[in-house]
Each structure stands twice: as structure tokens, then as C-alpha cells.
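Inspection log for the structure reproduced underneath, given as C-alpha cells.
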Amino acid sequence: MSKTKITIYHNPRCSKSRDSLKLIESQKNVDVEVVEYLKNPPTKEELKKILAKLNLKAEDIVRKNEALYKERYKGLQLNEEEWIKILCDNPILIERPIVVRNNKAVIGRPPENINQLF
């Protein structure tokens, strides 16, 4: 039986991200790719693919409690391309963790959301 490939966009300093990774690793026949997105931010194309799998707009995955958001972006009316550029340039603003399997993705908040992928 072939292994299921799962990609997690992970921040090891985030408890929800760590909990999500543990949940994935507890599954049988899973090959986990861990992307530390703060060190290796997604490209615009990668982010667009992730958003399509999440079925969300870029603004929907912005961490609105981050100081950077409050200081620089709160209240701005920006289009999709502008949000994508902001998220790629400032990956700290990307909601975490994002877990991808094939053509579907979920945000692991709460970590139990990941069960939708299995």
C-alpha cells in the first residue's frame, strides 16, 4: 500500500502547529513533508495553489491578531494579488498550520480539522 503524502506548512514555535504535526504523524501510511514556511515562504504561485485547495481567499488566511497586521494592513481595502504579495513577503501573517493532501487543504485550527483529510 502506498503512503499518503501530506504537506504541513509548519511553525515549530506554535503549539497548534506542533499539535497538528503530532496528529498527522500518528496516522498510518503517511509520508509527511514539513515546510517551515517562516524560513521558506511560499512563492506567489505556491500560495495561489494552496488557497485554491483551501477554497479561501488570501485575506481569509491573514493572522489579524499579529502586530504587523494591526500596524500596517488593518482596515486597508486590498485585492487578491496585493494580499498574496503581502503574505509571501510577510509569512508571519499566514494562518498556521496549513495541511495539504492531494487537492484538498485545511487550516489546523483546531488540529482536529486535519481529520477531514483522512
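A few remarks follow.
- Residue 4 long-range amide H proximity, modeled H, under 5 Å: 30, 31
- Between 47, 68, 38, the Gaussian network model of the chain with springs among Cα atoms under 10 angstrom shows the greatest mean-square fluctuation at 68.
- In plain terms, the chain from residue 4 to residue 28 could stretch by 7.8 nm, reckoned as 0.36 nm per residue minus the Cα-Cα distance.
- Rule-of-thumb Rg ratio for the chain [Cα; 2.2 N^0.38 Å; N residues]: 1.05
- Relative exposure of 76, 21, judged by other C-beta atoms within 10 Å (fewest first): 76, 21
The numbers here are math on the coordinates, done by the rules we state, and not lab data. Here the structure is a predicted model, which is why all the values come from computation and not from measurement. For neighbour counting, all protein chains shown are included, and Cβ atoms are generated from backbone atoms with ideal geometry for every residue, glycine included.
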